Amino acid sequence: MIERLPPDPRMIALPVELRNAIARALDDIPATRWMNTARTLSEQYRALDDIGEAPAIRTRLDALGYAALLMPATYAQLYGAMKAAAERIPSWTPETMLDMGSGPGTALWAATVCWPSLRDLTAWEREPVLIALGRDFTRASTNPALRNARWVQRTLQAPTERGIRFDLVVLGHVLGEIPFDERSAVVTTAWRITRGLLLIVEPGTPVGFAAVRAARDLLLADGAHTIAPCTHDRPCPLINDWCHFPQRLRRPEFQRRARDAPSPWEDAKYSYAALARFPPERPVWGRVIREPTFNKAYAEVLISSRDGVLRHRALKRDREAFKWVKHLEWGQTLEEQP
Ligand SMILES: C[S@@+](CC[C@H](N)C(=O)[O-])C[C@H]1O[C@@H](n2cnc3c(N)ncnc32)[C@H](O)[C@@H]1O
């Protein structure tokens, strides 16, 4: 049963075809088995920042656990980052895409929603069980690009074929799983095979942000242009803080069961950098990088802008300005300084 929720323009849902494909695959296994596996995997991913070792996904059951509990949230995060990038480059119509460390193909689904021009999709993934499950999902799609996606088993450290290029390349929730001393090489390879836009997404944690920031610094030095979230091409000026954004997601029923969560929605938080071979078509002055706060005296918002990171405050007695700040959305762009 789909629960009625009040209309919320921030809310997204998994594509119906993907949701149904996951639900069908879960039907083949007793619910307690996939739920237990999903919960164990989720705990292991939560500990990743501390222990630095990603969980192994080696069996079909592991892969199903990932699809049930983690894929909806990573889909939401990838979608949020892609949508923010697409808004800055509305005329860009990519045709080819590579999903690096694709898992079950999460980024392929999000990208085909954000850029319907995509017609040729490739996924590189190390684990055969994730490839098999991801292929089952994409074959269930009515979109020929998804149905005909090319799945390649390989590691991201392996040498790439000469001359291959993709309009869109995605590193989604994978940099954190690459040993620290191998990350720069993976990012440099990803950039070398990017014809248009490289999107890097990590969980919205201090560790996830640090991985994104290091990758962005590396690519700025190589001439990359920032499409989002930053509104400039200078190194990030944040100190003792991390830049991250929420994407609201209506939880599919299987995810709620696996999480044992009563809430029908969640805000999936992510850090990201969208870097391109071209500058943004629609540059902006700044972006809201935290939920606005307010009290009896004033409303306040943190903005990352071309003039640095600044705190903008509106006094309550200035009613219009107060209301404007209070209702700004986390992640929203601002054309000019308020
Ligand atoms: C957290 S999952 C993310 C999957 C997917 N991109 C998403 O956002 O849902 C990380 C994926 O990267 C893959 N991976 C990790 N290290 C890899 C490597 N060195 N080469 C290829 N794939 C790798 C893992 O097998 C796993 O599928």
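Any read-out appearing in this document is the output of simple, stated calculations on the displayed coordinates, not a laboratory observation. The model shown is predicted, which means the values in this text are computed figures rather than measured ones. When we count neighbours, we look across all protein chains shown, and the Cβ atoms used for this are built from the backbone with ideal geometry, even at glycine.
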Quick check for the chain: number of Lys pairs with alpha-carbon distance under 23 Å, counting only pairs 8 or more apart or on different chains? 6
Would you give the gap between the C-alpha center of the range 96-110 and the C-alpha center of the range 150-220, rounded to a whole Å? 12 Å
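Using Stokes-Einstein with the Kirkwood hydrodynamic radius over Cα pairs, what translational diffusion coefficient do you get for the range 16-276 at 4 °C and a viscosity of 1.567 mPa s, in µm²/s rounded to a whole number?
Numbers: Rh = 18.4 Å.
The Stokes-Einstein estimate is 70 µm²/s.
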Would you please give the FRET efficiency between A31 and A132, computed as 1/(1 + (r/R0)^6) with r the Cβ-Cβ distance and R0 = 22 Å, to the nearest 0.05? 0.55
List the GluC sites (Glu not before Pro) in the range 1-93 that DSSP assigns to loop (not H, G, I, E or B) and whose Cβ has at most 15 other Cβ atoms within 10 Å. Which are they? E3, E53
State the answer as a single residue: which of M100, L218, G308 lies farthest towards the positive end of the charge dipole of the chain, with beta carbon charges of +1 for Lys and Arg and -1 for Asp and Glu, about the Cα centre. G308
Net charge dipole size for the range 286-334 [Lys, Arg +1 and Asp, Glu -1 on Cβ; Debye, nearest 20]: 180 debye
Among P30, P292, P144: highest mean-square fluctuation, GNM of the chain, C-alpha pairs under 10 Å: P30
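Calculate the all-directions average of the projected area of the range 209-259's alpha-carbon convex hull, and give it in nm².
With the hull built on Cα positions only, its mean projection is 5.4 nm².
Over all distinct alpha-carbon pairs, what is the Kirkwood Rh of the range 286-334 in angstrom? Mind showing how you got there, number by number?
On the way: mean 1/r = 0.0947 Å⁻¹.
Radius from the Kirkwood sum: 10.6 Å.
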Please report L310, L5 as a ranked list, fewest other C-beta atoms within 10 angstrom at the top and most at the bottom. L5, L310
What does the net charge come to around T106 if you take all other residues with beta carbon closer than 12 Å to its beta carbon, with K and R at +1 and D and E at -1? -2
If only Cα atoms are counted, what is the Rg of the range 190-292, and what is its Dmax, in Å? 15.9, 47
Can you tell me how much longer the chain between R313 and L218 gets when fully stretched, taken as 0.36 nm per residue apart minus their C-alpha distance, in nm with one decimal? 30.8 nm
In the range 69-163, which trypsin sites (Lys or Arg not before Pro) are in a loop and have at most 15 other Cβ atoms within 10 Å, using DSSP for the loop call? R119, R154, R162
The chain, Gaussian network, Cα under 10 Å: of T112, T293, T205, the residue fluctuating most is T293
Give me the Debye-computed log₁₀ of I(q)/I(0) at q = 0.17, 0.19 Å⁻¹ for the range 1-98, equal point scatterers on Cα only, no solvent, two decimals. -0.98, -1.09
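Given a Förster radius of 22 Å and the C-beta distance between A23 and D120 as r, what FRET efficiency does 1/(1 + (r/R0)^6) yield to the nearest 0.05?
Values: r = 28 Å, r/R0 = 1.27.
About 0.20, to the nearest 0.05.
To check you understand DSSP bridge types, tell me what percent of the beta bridges within the chain (both residues inside) are antiparallel, rounded to 5. List each step's numbers first, then the result.
Values: 31 of 51 bridges.
Bridges in the chain are about 60 percent antiparallel.
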Among V288, V187, V16, which one shows the highest mean-square fluctuation when the chain is modelled as a Gaussian network with alpha-carbon springs under 10 Å? V16
Label-point separation in nm, T142 to Q332, each point 7 Å along Cα→Cβ: 3.6 nm
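Please get the size of the charge dipole for the chain, origin at its Cα centre, with Cβ charges of +1 on Lys and Arg and -1 on Asp and Glu, quoted in debye to the nearest 20.
My answer is approximately 620 debye.
Divide the volume of the convex hull of the Cα atoms of the range 89-132 by its number of residues and quote the answer in cubic angstrom per residue. If you can, show how the numbers build up before the last one.
Details: hull volume 2.8 nm³, N = 44.
Output value, Cα hull per residue: 64 Å³.
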Rounded to the nearest 500, the 222 nm mean residue ellipticity computed for the chain from DSSP H runs (n ≥ 4, each -39500 (n - 2.57)) alone is -10500 deg cm²/dmol
